[in-house]
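Peer 1: Take this structure first; my questions come after.
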Amino acid sequence: MLLTRRQLLRAIDGARIKQAIAEAERGTTGEIRVSVAPFFWGNVHRVAELAFERLGMRSTPQHNAVLIFVVPSRRSFTVLGGEGIHARVGEEFWSGLTADMAKRFRGGDFTGGLVHGIDTVGRELAAHFPAVPSGHVNVLPDDVDFGPG
């Protein structure tokens, strides 16, 4: 199913995604963001890295931020983890996660795919970067980023 960015924006439940991020982050010092990008030419992974930078995700103290970057017009997405979380979960985790999310996306369940990804990432973040006794300090916003455009 090929969706334009505008159609995807109508197809996803931003409030549910924001709630899923807040819940996932309660158990960890990590941060999760979702970004939906407009059409662009070039490498999706490279543009996701630029978005990671633009969104301030490299500034997390333990380098444990995760970005789910979706480009509906390209029928593509990628999940990027900061150096801290990537060193603990490895490439196999990211590959399995994106395969699970892609299956849901192909079935038209965009919100469900994103929430599944957020929940899965949240569990891994909590396992490797548990919340501190004083509670989670939200360093980055939980709202879906709709990028430039």
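Peer 1: Would you mind calculating the gained length between Trp41 and Asp119 on full extension (0.36 nm times residue separation, minus the Cα-Cα distance), in nm to one decimal?
Peer 2: Values: separation 78, 0.36 × 78 = 28.08 nm, distance 3.04 nm.
That pair, Trp41 and Asp119, stretches by 25.0 nm at full extension.
Peer 1: Something else about it: Can you tell me the orientation of helix 14-25 relative to the chain, as the angle in degrees between its alpha-carbon axis and the longest Cα principal axis, to the nearest 10?
Peer 2: 20 degrees
Peer 1: Against the longest alpha carbon principal axis of the chain, how many degrees, from 0 to 90 and to the nearest 10, is the axis of helix 83-106 turned?
Peer 2: The angle comes out at about 30 degrees.
Peer 1: At what distance in nm do the modelled label points of Ser76 and Ala99 sit from each other, each positioned 7 Å from its Cα along Cα→Cβ?
Peer 2: Rounded to a tenth, the inter-label distance reads 2.1 nm.
Peer 1: So if a site counts as exposed when it's one of the chymotrypsin sites (Phe, Trp or Tyr not before Pro), its DSSP state isn't H, G, I, E or B, and it has at most 11 other Cβ atoms within 10 Å, what's the longest stretch of the chain without one?
Peer 2: Working: sites that count: Phe39, Trp41.
Looking at the chain, 42-149 is the longest stretch - no exposed chymotrypsin sites (Phe, Trp or Tyr not before Pro) with at most 11 other Cβ atoms within 10 Å.
Peer 1: Separation between the Val137 and Arg26 pseudo-spin-labels, each 7 Å from Cα along Cα→Cβ, expressed in nm?
Peer 2: In this crude spin-label approximation the distance works out to 2.1 nm.
Peer 1: The chain: D in µm²/s via Stokes-Einstein (Kirkwood Rh, Cα pairs, 37 °C, 0.692 mPa s)? Walk me through the numbers on the way to the answer.
Peer 2: Details: Rh = 15.2 Å.
D = 216 µm²/s.
Peer 1: Give me the percent of accessible area attributable to carbon and sulfur for the chain, probe 1.4 angstrom. Write out the running numbers ahead of the final one.
Peer 2: Values: 3980 of 7530 Å².
For the chain, the apolar C and S fraction of the accessible surface comes to 53 percent.
Peer 1: Under 5 Å between amide hydrogens, which residues at least 5 positions from Ser76 or on another chain qualify, with H placed 1.01 Å from N in the peptide plane?
Peer 2: Excluding prolines and chain starts, which carry no amide H, the hits are Val71.
Peer 1: Shifting gears a bit: Over the chain, what relative contact order in percent results from Cα pairs under 8 Å that are six or more residues apart?
Peer 2: Numbers: 240 pairs, mean separation 60.7, N = 149.
Contact order relative to length: 41 percent.
Peer 1: Roughly how tilted is helix 110-128, in degrees to the nearest 10 and between 0 and 90, from the longest Cα axis of the chain?
Peer 2: Roughly 20 degrees between the two axes.
Peer 1: Also, quick follow-up: For segment 40-100, state the semi-axes of the equivalent ellipsoid (square roots of 5 times the eigenvalues of the alpha-carbon gyration tensor), sorted largest first and rounded to whole angstrom.
Peer 2: Numbers: eigenvalues 78, 50, 12 Å².
Value: 20, 16, 8 Å, ordered largest first.
Peer 1: Moving to a separate point now. Quick one: accessible area per residue over segment 1-128, 1.4 Å probe, rounded to a whole number of Å²?
Peer 2: Details: 6250 Å² over 128 residues.
That works out to 49 Å² per residue.
Peer 1: Report the one residue of Val79, Val137, Ile12 whose Cα lies farthest in the direction of the positive end of the charge dipole of the chain (charges on C-beta: Lys and Arg +1, Asp and Glu -1; origin at the Cα centre).
Peer 2: Toward the positive end, the furthest listed residue is Ile12.
The values are calculated or read from the model by the stated rules, or taken from the named source; none is laboratory data. Just so it is clear, the model here is predicted, and its values are computed rather than measured. Backbone-built Cβ (ideal geometry, glycine too); neighbour counts: all protein chains shown. With ligands, DNA and RNA removed, areas are computed over all heavy atoms of the protein, side chains included. Shrake-Rupley method; radii C 1.70, N 1.55, O 1.52, S 1.80 Å.
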